[in-house]
Amino acid sequence: MHQTADISSFPLRGNTLDLASRCRVMGILNVTPDSFSDGGRYADPATAIAHAMRMEAEGADIIDIGGESTRPGARSISAAEEIARVLPVITGIRSRSEIPISIDTQKAEVAEASLNAGADMLNDISALRHDSGMLDCAVRHAVPVVLMHMQGSPENMQEAPHYTDVVEEVLTFFRERVAFCRTKGVAHVIVDPGIGFGKTVEHNLALLRALPRFTALGVPLLVGTSRKSFLGAITGLPAEQRLGASIAAQVYACRQGAHLLRVHDVRETRAALDLLYALEGGEVTNHAF
Ligand code: HH2
């Protein structure tokens, strides 16, 4: 049992990622042809690597690489196809930078190949339920694992999401998953309520409002609201025009106790957080102008 109830930091790529002083930013890199907001933009490895380098320069703390879209209705692809998409990108980033890399996958084969190529943590939207090999892979490599909550699967999750009490049900799910990971020896666990994964607009809002209750789980909290469809439902804007709403949701999540934000727009998110901390009398980032 390696898991400690410490939410102020976790080890990553030989360093300690400090979560106490500020919210950390995970930059999204979708190397897919069909992701909901940026599908096809970074499908070519050279373009994807360049985008990762740009996000690092803009202040990303982690790059989260995904080779399979999980947008509602998305069809699953084979592990071989997913590996072919992500591996050249992981290798390319690793040859240029020491930025921590997270691999967004539900498949043990993809996770194993990615960790061997230089990835540092796992992001599993099925919370280790899709592929039993994921647990073994996480334990053997002793890497941090993001456990995300999802009702159903990407193919069917938005058909009829239903909960009696969404917050209590997601919390109960995490109590079981965190205990399971502790008994199995997963080194570090991070939980994520899974905004948009088998949830209506009201479910997403209820979860965001209740984030402080999730910190009682004693593990770091990751939240991904970037450009998601509930923002479109509330503002009437398409994915490419949801930056303002994304930033508002991210700053709110941060103030509600999130430790990590999974975002497409790293520069703008960092700027918003810099302002938040300066206004609150904390760290003032002083860029030479
Ligand atoms: N959201 C998406 C994918 N992976 N992982 C975690 N932990 N949390 C999230 O909220 C989350 C996630 C969906 O967003 P995106 O990657 O932009 O789109 P797509 O799944 O279509 O590639």
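The values are calculated or read from the model by the stated rules, or taken from the named source; none is laboratory data. This one's a predicted model, so the numbers in the text were calculated from it and none came from an experiment. Please note: Cβ atoms are built from the backbone with ideal geometry, for glycine as well, and neighbour counts cover all protein chains shown. Keep in mind that these areas ignore ligands, DNA and RNA; they rest on the heavy atoms of the full protein, side chains included. Shrake-Rupley method; radii C 1.70, N 1.55, O 1.52, S 1.80 Å.
Descriptive notes on the structure:
- Amide H contacts of Val146: Leu122, Asn123, Asp124, Ile190, each under 5 Å away and 5 or more positions distant or on a separate chain (H built 1.01 Å from N in the peptide plane; Pro and chain starts excluded).
- A simple count of charges around Leu273, restricted to other residues whose Cβ falls under 13 Å of its Cβ and scoring Lys, Arg +1 and Asp, Glu -1, yields -2.
- Exposed-loop-free span, longest in the chain, where trypsin sites (Lys or Arg not before Pro) count as exposed if DSSP calls them loop and at most 13 other C-beta atoms lie within 10 Å: 97-289
- Computed on the range 130-289, with alpha-carbon pairs under 8 angstrom and 6+ residues apart, the relative contact order is 20 percent.
- Leading residue at positive end of dipole, the chain (Cβ point charges), from Leu205, Ile195, Ala52: Leu205
- Relative contact order [Cα under 8 Å, 6+ residues apart], the chain, whole percent: 20
- Cα gyration tensor category, rounded, prolate or oblate, for the range 1-135 with a/c compared to 1.5: oblate
- Element breakdown for the chain at a 1.4 angstrom probe: carbon and sulfur atoms account for 54% of the accessible area.
- Under Karplus coefficients 6.51, -1.76 and 1.60, residue-wise ³J(HN,Hα) of the range 179-190 in Hz, glycine/proline x: 4, 4, 5, 5, 5, 8, x, 5, 5, 8, 10, 10
- Each residue of the range 104-115 is assigned a 3J(HN,Hα), and the resulting list reads 8, 8, 9, 10, 4, 4, 5, 4, 4, 4, 5, 5 Hz, derived from the Karplus form 6.51 cos²θ - 1.76 cosθ + 1.60 (θ = phi - 60°), x at Gly and Pro.
- Prolate/oblate/rounded call for the chain, Cα gyration tensor, a/c under 1.5 rounded: rounded
- With Cα atoms defining each centre, the range 86-117 and the range 70-85 are spaced 15 Å apart in the structure.
- 3J(HN,Hα) along the range 232-243: x, 5, 7, 9, x, 10, x, 3, 6, 10, 9, 4 Hz, from the Karplus curve 6.51 cos²θ - 1.76 cosθ + 1.60 with θ = phi - 60°, whole Hz, x for Gly and Pro.
- Residues listed by number, the range 126-145, amide nitrogen under 13 Å from Thr183 label point at 7 Å toward C-beta: none
- Among the GluC sites (Glu not before Pro) within the range 52-131, those in coil by DSSP and having at most 16 neighbouring Cβ atoms inside 10 Å are Glu58, Glu98.
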